[in-house]
Structures are given as C-alpha cells and as structure tokens.
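Everything on this sheet refers to the single structure shown next.
Every number in this text was worked out from the coordinates using simple rules, so none of it is lab data. These figures come from a predicted structure and were not determined experimentally. Here the Cβ is made from the backbone with ideal geometry for all residues, glycine too, and neighbour counts use every protein chain on show.
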Amino acid sequence: MADNNQNGCLTVGEGVKLTGNFVVPDIASISGTIEGELTAREILVGSTGVLKGKVTADVVDVRGEIHDNLTANKSLFIRSTGKVVGTVQYTEIEIEKGGDLQGNLLKSANGNSAS
Amino acid sequence: MFGKKTDGENSEFSSEEPISNEAVEENENFESATQSSSTSLKPSIISEGFEFTGDMKSGGSITVDGTFKGNLSVQTLLIGAGGYVDGTVTADSINVKGRLSGTVSCRDVVIGGRATVDGALSYSSITIQRGGTIKGDLKRK
C-alpha cells in the first residue's frame with residue numbers, strides 16, 4: 001500500500017475522520033472515515049474504512065464501505081468484506097463472494113483500458 | 001423425474017408413457033413430483049437453438065443454452081455461454097455465463113466473466129467474476 005511516504009498519496013488511519021473535498025494524485029489508502037468528495041487515481045478502502053459522498057478513481061478496491069456515489073473509471077473490486085451502496089458507475093467489476101453491492105449500476109463504455 | 005406424472009389418475013394419457021426425462025413439461029403433477037425430491041433430479045435442459053416462451057416451475061435445476069422468455073421459478077439455474085433468459089426469475093442459485101435480463105430474485109448468484117446481467121436483481125450473496133457486466137438495480141435481501 002502507500003507505506004513509504006510516497007508523493008501524491010493519502011493515508012487515513014483507523015479512527016481518523018475527515019470531512020471535505022480531497023484530490024489525491026496517486027493512491028488514497030483509507031482505513032478511517034472520509035465524508036465528502038474524494039478523487040484519486042487509486043483508492044484502497046481497508047476493512048475499517050468508510051467513505052461517504054462522491055468517490056471517483058480509476059481503480060477502487062473495497063474491503064470496507066463506500067456510500068452514495070462511486071465512479072471507477074477502470075476497475076472496481078469489491079472484496080468479501082466490502083460494501084458499496086448507492087449509484088455505481090464502472091468499466092470493469094469484480095465482486096468476491098460475500099461482497100455487498102446495492103443500488104443502481106451503470107457500466108460506462110470507457111473502453112480505453114486494456115484487458 | 002417426470003415419470004411420476006403417468007402414475008394413477010392420468011390413465012387416459014397412458015399411451016404417452018415414454019416421456020423423456022429432459023422434456024419440458026408443465027402441469028400440477030409435475031410440480032408436486034419435483035418439489036419432493038429436488039436433490040436427485042436430473043437437470044432440465046433448453047439446448048442451443050431452442051427458444052422457449054412461457055412459464056416454467058421446477059424444484060430441480062435447469063440449464064439454458066438456448067433462449068428462455070417468461071417466468072421461471074427453479075431451484076438452480078445455469079445459463080450457458082450462449083444462453084439467454086429474459087423475464088422474471090426466482091431461483092435459489094443462479095450461475096450466469098450468458099445473458100440474463102429482467103427481474104431476478106435469488107439467494108446465490110454467480111456472474112461469469114463474459115456474462116451480462118441487466119435489470120433488477122435481488123440477492124443474498126453475489127459473486128461477479130472480472131469482466132462480467134451488470135446493469136440496473138441491485139438489492140440485498
């Protein structure tokens with residue numbers, strides 16, 4: 001994950017709560033709670049992580065929860081502990097058994113990603 | 001599994017006795033016969049190139065490689081790579097490798113990498129393999 005203080009990364013630890021709008025050029029690794037708008041290249045939501053609001057990224061990997069509005073321009077992965085509720089737009093999706101996906105799904109014809 | 005229907009009361013139809021196990025049938029006897037022993041049933045098959053329009057009910061499993069349109073209520077539904085199911089589907093477990101559209105209610109659903117699911121889906125457990133497409137409303141029971 002985004003361990004070594006990499007440039008352009010955001011790490012939110014467990015128990016941390018943020019509210020507002022965030023633009024992350026690279027990886028956002030979330031184990032706490034974010035409310036508001038989050039845009040990143042890649043979003044990793046840990047099992048304790050909760051995102052509420054408008055979430056946009058190329059790649060989204062969910063072990064925690066995402067609510068309201070999610071756009072994954074390339075890939076969306078919902079792991080077995082993951083939960084996504086709301087309007088979801090994706091290009092490619094994978095859900096592990098046990099993963100929870102509820103709401104309105106839209107597949108965007110954004111076919112410029114390989115495989 | 002369909003053999004039971006010719007027992008007893010249906011004596012007037014006894015000339016039709018050699019009904020194949022894979023025939024798709026609809027009548028009251030069929031329902032009661034299938035509900036009792038769902039595990040030992042052979043799957044019914046709608047094979048490639050076969051198009052069925054209507055309602056179907058079974059306590060067993062059905063494999064659709066052709067086209068099914070209508071209301072379907074089964075225990076296990078498998079939609080093959082070339083299969084297409086359109087309508088209202090109620091099932092315990094669904095495995096989609098082809099296309100499924102309409103209103104779907106099930107306990108366990110697996111959507112394969114090349115499958116397309118379109119419509120309202122209500123489930124208890126869902127698995128989507130990478131590349132699978134799903135559109136519409138999802139609800140967890």
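For chain A, modelled as a Gaussian network with Cα springs under 10 Å, which listed residue fluctuates most, A:Val55, A:Val12, A:Val84?
Judging by the Gaussian network model, the answer is A:Val12.
List every residue whose amide H lies under 5 Å from the amide H of B:Ser44, counting only residues 5 or more places away in sequence or on a different chain, with H placed 1.01 Å from N in the peptide plane.
Amide H neighbours of B:Ser44, under 5 Å, 5+ apart: B:Ser61, B:Ile62, B:Thr63.
Please report, in debye to the nearest 20, how large the charge dipole of segment B:40-130 is about its Cα centre when each Lys and Arg carries +1 at its beta carbon and each Asp and Glu carries -1 there. Don't jump to the answer; show the numbers that get you there.
Working: 8 positive and 8 negative charges, 42 e Å.
In total the dipole reaches around 200 debye.
Pull out a ≥ b ≥ c, the square roots of the eigenvalues of the alpha-carbon gyration tensor of segment B:40-130, then state rounded if a/c is under 1.5, prolate if not and a/b is larger than b/c, and oblate in the remaining case. Spell out each step's value before the answer.
Values: a/c = 1.36, a/b = 1.18, b/c = 1.15.
Because its axes are fairly even, with a/c under 1.5, segment B:40-130 counts as rounded.
Evaluate the relative contact order of segment B:40-130 (contact order divided by residue number), counting alpha-carbon pairs under 8 angstrom at least 6 apart; express in whole percent.
On the way: 274 pairs, mean separation 16.6, N = 91.
Reported as a whole number, the value is 18 percent.
Could I have the simple spin-label model distance between B:Thr53 and B:Ser73, label points 7 Å from Cα toward Cβ, reported in nm to one decimal?
2.3 nm
By how many nm would the segment from B:Asp108 to B:Lys42 lengthen if fully extended, with 0.36 nm per residue of separation less the alpha-carbon distance? The partial results should precede the final answer.
Values: separation 66, 0.36 × 66 = 23.76 nm, distance 2.02 nm.
That works out to 21.7 nm of additional length.
Let me have the relative contact order for chain A, percent, based on Cα pairs under 8 Å that are six or more residues apart. Please report the intermediate quantities before stating the final value.
On the way: 346 pairs, mean separation 17.2, N = 115.
Over chain A, the number comes to 15 percent.
Bin by bin, in steps of 10 Å, what percent of the Cα pairs in chain A do you find, going until the bin that has the longest distance?
Bin by bin from 0 Å, the calculated values are 16, 52, 29, 3.
Mind listing the phi-derived Karplus ³J(HN,Hα) values for segment B:131-141, rounded to whole Hz, using 6.51, -1.76 and 1.60 with θ = phi - 60°, and x for any glycine or proline?
Residue by residue, segment B:131-141 yields x, x, 10, 9, 10, x, 9, 10, 9, 9, 6 Hz.
Let me know the whole percent of all Cα-Cα pairs from segment B:82-124 that are separated by more than 16 Å.
Working: 212 of 903 pairs.
Every Cα pair in segment B:82-124 considered, those over 16 Å come to 23 percent.
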